[in-house]
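Worksheet: one structure, shown below.
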Amino acid sequence: MKIKSQKDFFAGLMFTVVGIAFAWGATTYSVGSGARMGPGYFPLMLGILLGVLGIIVIFTALTIETVDGEPVGSMAWRPLGYIIGSNLVFGILLGGLPSIGLPAMGLIAAIYALVLIAGLAGEQYHIRSSLILATILAVGSYIAFVVLLKLQFQVWPTFITG
């Protein structure tokens, strides 16, 4: 059978592999039943759903004709590096890095760093737009996680809160 859309085929393959991995990993937790769901129920169902979605995408990539076969292009390393790097910086700033003596900087600083670094991945970078987005995300995250859900984690750097 001939692949008629390379992009869709490999995207579907990725969905299927990730879905199977999630479903398999979820079986190490107590799954429970639909009436009494355990901690593994949601990841199991999500993994199964993602795997089925991947199979559907693979099937359409093999059956629906495209003009040029939609070949997979070259890897966009620069944006990929900025996005992965921004997530790493977010995690380090949120929790700190005790091995090198870096204290946790809190949620607000981590969100600002995440948005400012991830913004560099795009074609056009506007610091003003990134700062506005970071402010909206920081305020929304504070309201959602600290005020409404009452989660206990550091919001501000220790040198500010003491």
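Stokes-Einstein D for the stretch 15-60 at 10 °C, 1.306 mPa s, Kirkwood Rh over Cα pairs, in µm²/s? D, rounded to a whole number, is 151 µm²/s. Between residue 65 and residue 125, the simple label model (points 7 Å from Cα in the Cβ direction) yields a spacing of 4.5 nm. Backbone N atoms of the stretch 63-106 closer than 14 Å to the 7 Å Cα→Cβ label point of residue 137 belong to residues 82-94.
Remark: the chain carries 68 Å² of accessible area per residue (probe radius 1.4 Å; ligands, DNA and RNA excluded). Take every Cα pair under 8 Å whose residues are at least 6 apart in sequence, average their separation, divide by the length of the chain, and the relative contact order is 20 percent.
Using only the alpha-carbon atoms, how far is helix 127-141 inclined from the longest principal axis of the chain? Give it as 0 to 90 degrees, nearest 10. That helix lies at roughly 80 degrees to the long axis. For the chain, take the longest principal axis of its alpha carbons; what is the angle in degrees between that and the long axis of helix 107-118, to the nearest 10 within 0 to 90? The helix 107-118 is inclined about 50 degrees to the chain. The listed residues 159, 10 rank as 159, 10 when sorted by accessible area, largest first, using a 1.4 Å probe.
Any idea what log10 I(q)/I(0) is at q = 0.09, 0.12 Å⁻¹ for the chain, Debye with uniform C-alpha scatterers and no solvent? Taking Cα atoms of the chain as identical point scatterers yields -0.52, -0.86. Give the Debye-formula value of log10 I(q)/I(0) at each listed q (0.17 Å⁻¹), with one equal scatterer per alpha carbon of the stretch 75-162, two decimals each. For the stretch 75-162, the Cα-only Debye profile gives -0.76. Around the amide H of residue 32, modelled in the peptide plane, lie the amide H atoms of 38, all under 5 Å away and 5 or more residues distant in sequence or on another chain. For the chain, the longest principal axis of the C-alpha atoms and the axis of helix 77-95 are separated by about 40°. Only protein heavy atoms count here; on that basis, with a 1.4 Å probe, residue 151 has an accessible area of about 80 Å².
Ordering 149, 117, 67 by Cα displacement along the dipole of the stretch 11-162 toward the positive end leaves 149 in first place; charges were set at the Cβ atoms of Lys, Arg (+1) and Asp, Glu (-1).
Full extension of the chain between residue 42 and residue 18 yields a length gain of 7.2 nm, computed as 0.36 nm times the residue separation minus the alpha carbon distance. Remark: the stretch 7-162 carries a charge dipole of roughly 600 debye about the Cα centre, counting +1 on each Lys and Arg Cβ and -1 on each Asp and Glu Cβ.
The values are calculated or read from the model by the stated rules, or taken from the named source; none is laboratory data. These figures come from a predicted structure and were not determined experimentally. Here Cβ is always computed from backbone atoms with ideal geometry, including for glycine, and neighbour counts include all displayed protein chains. All accessible areas refer to the heavy atoms of the entire protein, side chains included, with ligands and DNA or RNA removed. Shrake-Rupley method; radii C 1.70, N 1.55, O 1.52, S 1.80 Å.
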